[in-house]
Amino acid sequence: MHSTLPGVAATAIVATARTDENPAQTGSEFFAGVCKTIFGKDAGLALHYATGVPERSCYRYASGERDVPILVFRSLLHSEQGEPFFRALMEGCTAKWWLEFERAQHVGAQVLEITKRS
């Protein structure tokens, strides 16, 4: 059901989506913008490969024509392409738990880097 996208997977992990450019956008506009930033031109097809959701529905979600159901979004977050979507969703969050989460991830990455050198 789930697969890794050829070509897109490598770029999706480092892609970032600017979500603060239009704070008045709707949920479907937000999701469509993030999809286009992360998946590129054929975001609907890439979303289909990432989630296993029918292709036609994915094109509608990726274009902003329809709101993405929470279970589809959950499936996307659980995919190999989930991290940049999660980060786009959390961008600008100043909740204490999120800042601690990011700090812990940063510290963990430093520890892994030191361990690799040893």
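A few points about this structure:
- The residue list Arg66, Arg103, Arg117, Arg87 contains one member that is surrounded by 10 or more Cβ atoms within 10 Å (Cβ to Cβ) and out of contact with any Ser or Thr (no Cβ under 9 Å at 6 or more places or on another chain), which is Arg103.
- Residue check, Gly44 within 14 Å of the chain's Cα centre (by Cα), more than 19 Å from Cys93 (Cβ to Cβ), among the small types (Gly, Ala, Ser) and at pLDDT 95 or above: yes
- Selection count, the range 63-118, where residues are of a type in the set (Asp, Glu) and without any contact (Cβ under 8 Å) to a residue 60 or more places away in the chain: 5
- Boolean, Gly33 is small (Gly, Ala, Ser) and over 16 Å from Pro84 (Cα atoms): no
The values are calculated or read from the model by the stated rules, or taken from the named source; none is laboratory data. Fair warning: this is a prediction, and the values are worked out from it, not measured in the lab. We place every Cβ from the backbone using ideal geometry, glycine too, and count neighbours over all the protein chains shown.
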